[in-house]
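Some notes on the structure that comes next.
The values are calculated or read from the model by the stated rules, or taken from the named source; none is laboratory data. What you see is a predicted model; the values in this text were computed from it and never measured. Every residue, glycine as well, gets a Cβ built from its backbone with ideal geometry; the counts of neighbours run over all protein chains shown.
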Ligand SMILES: C[C@H](N)C(=O)N[C@@H](CCC(=O)O)C(=O)O
Ligand SMILES: [Mg+2]
């Protein structure tokens, strides 16, 4: 099975409701779809999210990186040589992790199709059902409480509450949600870099003293502020998770050595795809550090790959934040992984199992 062509498209799927974090507000998924064609007629699919405030990637940079740099290296390559292909992708250019992720996801999809097995089995197998949390966007307190209650009524047992705005209001936001759903859902906080280290410690002590139990605190401080992340980790009881601070395996090793966080958030759009995500999971397992698997604003194309990985690495990926597809107004994929509120199920189809993607516009250059 040899690669003959890599085609790109633009996919737009509105969200059910605006997604709001300390970093940005988004109303729709607007992602680049990658379709890798082969001489056997098989097609592998991937997706790249242009999350410029986190990865630095834009639609333009993703298209350019794939079209001009990555694709020319891959045409003619045999999918059976998976490790060689992932090396070609990873060494093709610096950074550009979302472009690399989309291409790798499509290659792994084809690798599963080549051996006629669902991807998670190729990655080591596991129980093909996972449970995700759902994000509660940062907003007025009443709105966040109403969104939290609605999520619990829809069956979500874990809520990822976005904070990182005004510290005083953030504390009130979390107290109000805790009072509304106590005992019915686990609460995770994600400040998306919005606090200083001292503010984070103040907020967590205020919440801990008020009896608000939190499962974890994600990325309280700026991405580059590893000393600040460690300052918080050393001073609060709630486990601290690194998200924007760690992209690849080398950063994870450094973070673990410094004990700067308790948990690592793996996202394919940060790692550059599945090969480095596997490395991070394996490194974390060696050090006894738990991981979450997360996503950007993505549809069920790329999130499917993250689900397959989560299943195969469930020994170390103990937390799942793969709510992208649940936030979308509809699923543009025929086949693939089934996202039903908090429950995510992988079927028996080879690779990612995607039969077709509806409504994406080809990018012709
Ligand atoms: C969608 C997911 N639950 C999430 O919150 N992901 C990111 C932010 C993604 C984005 O801004 O596109 C995170 O910070 O964990
Ligand atoms: Mg985060």
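Some points to look at:
- Residue match in region 59-76 (condition: in contact with a helix residue (DSSP H, G or I) (Cβ under 9 Å, 6 or more places away or on another chain) and part of a loop (DSSP other than H, G, I, E, B)): no
- Among (1) out of contact with any strand residue (DSSP E or B) (no Cβ under 8 Å at 6 or more places or on another chain); (2) surrounded by 22 or more Cβ atoms within 10 Å (Cβ to Cβ) - the single one residue 278 does not satisfy: (2)
- Looking across region 221-232, just one residue is away from ligand 1 (no atom under 16 Å from the Cβ) and surrounded by 24 or more Cβ atoms within 10 Å (Cβ to Cβ), and that is 232.
- Strands (runs of 3 or more DSSP E) contained entirely in region 237-348, each with at least 3 residues that are closer than 22 Å to residue 50 by Cβ and away from ligand 1 (no atom under 16 Å from the Cβ): none
- Of the residues 217, 207, 187, the single one that is more than 16 Å from ligand 2 (Cβ to nearest atom), crowded, with 19+ Cβ neighbours inside 10 Å and either in a helix (DSSP H, G or I) or assigned by TED's automatic domain parsing to the domain that holds residue 155 (or both) is 207.
- Within region 1-51, the set of residues being within 20 Å of the chain's Cα centre (by Cα), more than 16 Å from ligand 2 (Cβ to nearest atom) and part of a loop (DSSP other than H, G, I, E, B) comprises just one member, 50.
Yes or no, residue by residue, for (1) surrounded by fewer than 23 Cβ atoms within 10 Å (Cβ to Cβ); (2) in contact with a strand residue (DSSP E or B) (Cβ under 6 Å, 6 or more places away or on another chain); (3) assigned by TED's automatic domain parsing to the domain that holds residue 241; (4) without any contact (Cβ under 8 Å) to a residue 60 or more places away in the chain:
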position	(1), (2), (3), (4)
269	no, no, yes, no
290	yes, yes, yes, yes
293	no, yes, yes, yes
301	no, yes, yes, no
333	no, yes, yes, yes
336	no, yes, yes, yes
362	yes, yes, no, no
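- Hits in region 286-309 - residues which are within 16 Å of ligand 2 (Cβ to nearest atom) and closer than 23 Å to residue 334 by Cα: 294, 295, 296, 297, 298, 303, 306
- Residue, farthest from ligand 2 (Cβ to nearest atom), within region 243-267, restricted to residues that are closer than 30 Å to residue 34 by Cβ and without any contact (Cβ under 8 Å) to a residue 24 or more places away in the chain: 250
- So residue 228, is it under 21 Å from the mean Cα position of the chain (by Cα), touching a residue at least 12 places away in the same chain (Cβ under 8 Å) and not assigned by TED's automatic domain parsing to the domain that holds residue 20: no
The rows are residues; the columns are (1) crowded, with 24+ Cβ neighbours inside 10 Å; (2) modelled with pLDDT under 95; (3) more than 24 Å from the chain's Cα centre (by Cα).
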| residue | (1), (2), (3) |
| --- | --- |
| 115 | no, no, yes |
| 129 | no, no, no |
| 132 | yes, no, no |
| 142 | no, no, yes |
| 148 | yes, no, no |
| 179 | no, no, yes |
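- The set of residues in region 153-169 that are closer than 18 Å to residue 210 by Cβ and away from ligand 1 (no atom under 15 Å from the Cβ) comprises 166, 167, 168, 169.
- Pair list, Cβ < 9 Å and 6+ apart or interchain, from region 47-60 residues that are free of Cβ contacts under 8 Å to residues at least 12 places away in the same chain to residues that are more than 16 Å from ligand 2 (Cβ to nearest atom): 52/58; 52/61; 58/50; 60/50
- Residue among 107, 43 that is away from ligand 1 (no atom under 16 Å from the Cβ), at pLDDT 95 or above and touching a helix residue (DSSP H, G or I) at 6+ places or on another chain (Cβ under 7 Å): 107
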